Amino acid sequence: MAAATAFLLRKKPYSAIGLTSVFRGATVKPILVMRHRLQYVPVALVVRLIGALPRPLARGWGILLGGAVYHLHRRLRRVGMRNLGLAFPEKPPKERRRILRGVYVSLGRLLAEACLFPSYTKENVSQVAVYQGFENFEAAEKRGKGVLFLTGHFGGWEIGSFFHSLQGHPMKMVVRPLDNPYVDALVARYRGLHGNQMLGKDEFARGLLAAMRNNETVGVLMDTNMTPPQGVFVNFFGVPACTASGVARVALHTGAAVVPAFTIWDPVLRKYRVEFNPAVDLVRTGDPDADAITNTALFNKIIEDHVRRYPDQWLWVHRRWKTRPPGEPPLY
């Protein structure tokens, strides 16, 4: 639910904090409100139907739904193949299509697990995921200056934050709200079942700094296209990609630990591994702007290394290289 709706329905404008302020006055036309309600009904129905199934059956239906989207959504297929061509020019089209089909299997599996969130407890969630490298998170938290999870739309990204909160470690997550405020509120409720809180774009800087002062944990999905001045151009698979530099700037300013955290589907275990790597050694030369760019490039390389290892678990259908440096032609 959280993954599929975020990937298929999100764009920009409304907040997950509440619907009243969104629809107050004449800010949204009645026809748009009606359209949002009509969109919400089938989404909520799918979430509840899948969530009522036994886990193996739910996962099967989720994967089936992911396959249907692969075949029906031609534009997303084109974006995915274009991205795979940019990242893996050496791979033949047949191999790229295989990877792209795997992405939809991964998304369908994630959809099923997210729909089942209300049924999971601390006692039974081990059937879904296990920790790997938890000691790296503990060491980072003991520094006392906050923890920034460096992560992306990879594997079971929604499951990782949910699992961590269910184990007694609620966190804040930087999210971009969905277009549909009803769906957005549903997603936020599922994400926050065990104490996770959302930070919207508008409160990003203030909320992040406050969280670090309180030695809290914040997860940031750093693999989406940005626009200047929030983003800087650093390589991703050898192609300049406009990337959020806020994580690097906050970490340099506060001393927060930046911990790579990825939730990876393990076909042998038949569950997810919530992996925490050792905190990143940040580059500090005394030049804040240069250091922010250097460390942002380092973060991109960490994400890229994981994508290269598990290419069919990353969200290739996002236009990651949409923003181009001045003078460069568009890639899509």
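Residues in the range 261-276: is at least one closer than 14 Å to Leu298 by Cβ and in contact with a helix residue (DSSP H, G or I) (Cβ under 9 Å, 6 or more places away or on another chain)? Checked the range 261-276: no residue is closer than 14 Å to Leu298 by Cβ and in contact with a helix residue (DSSP H, G or I) (Cβ under 9 Å, 6 or more places away or on another chain).
Which condition breaks for Leu315 when tested against (1) more than 24 Å from Val103 (Cβ to Cβ); (2) among the hydrophobic types (A, V, I, L, M, F, W, C); (3) touching a helix residue (DSSP H, G or I) at 6+ places or on another chain (Cβ under 9 Å)? That leaves (1) as the condition not met.
Filtering the range 162-176 to residues that are of a type outside the set (A, V, I, L, M) and either touching a strand residue (DSSP E or B) at 6+ places or on another chain (Cβ under 6 Å) or surrounded by fewer than 22 Cβ atoms within 10 Å (Cβ to Cβ) (or both) leaves Phe163, Ser165, Gln167, Gly168, His169, Pro170, Lys172, Arg176.
Matching residues to (1) in contact with a Pro (Cβ under 6 Å, 6 or more places away or on another chain); (2) basic (Lys, Arg); (3) part of a helix (DSSP H, G or I):
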residue	(1), (2), (3)
Glu203	no, no, yes
Arg206	no, yes, yes
Val232	no, no, no
Asn235	no, no, no
Ala241	no, no, no
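Among the criteria (1) within 26 Å of Pro177 (Cα to Cα); (2) more than 21 Å from the chain's Cα centre (by Cα); (3) part of a helix (DSSP H, G or I), the one Leu252 does not fulfil is (1). Residue check: Val283 meets all listed conditions (1) free of Cβ contacts under 8 Å to residues at least 24 places away in the same chain; (2) surrounded by fewer than 15 Cβ atoms within 10 Å (Cβ to Cβ) but one, namely (2).
For the range 92-115, the candidate set comprises residues that are in contact with a helix residue (DSSP H, G or I) (Cβ under 7 Å, 6 or more places away or on another chain) and farther than 18 Å from Tyr70 by Cβ; within that set, the residue that is surrounded by the most Cβ atoms within 10 Å (Cβ to Cβ) is Glu113.
Readers should treat all values here as calculations from the given coordinates under stated rules, not as data from a laboratory. None of the values given here were measured: they were computed from a predicted structure. As a convention, Cβ positions derive from the backbone with ideal geometry for all residues, glycine included, and neighbour counts pool all protein chains shown.
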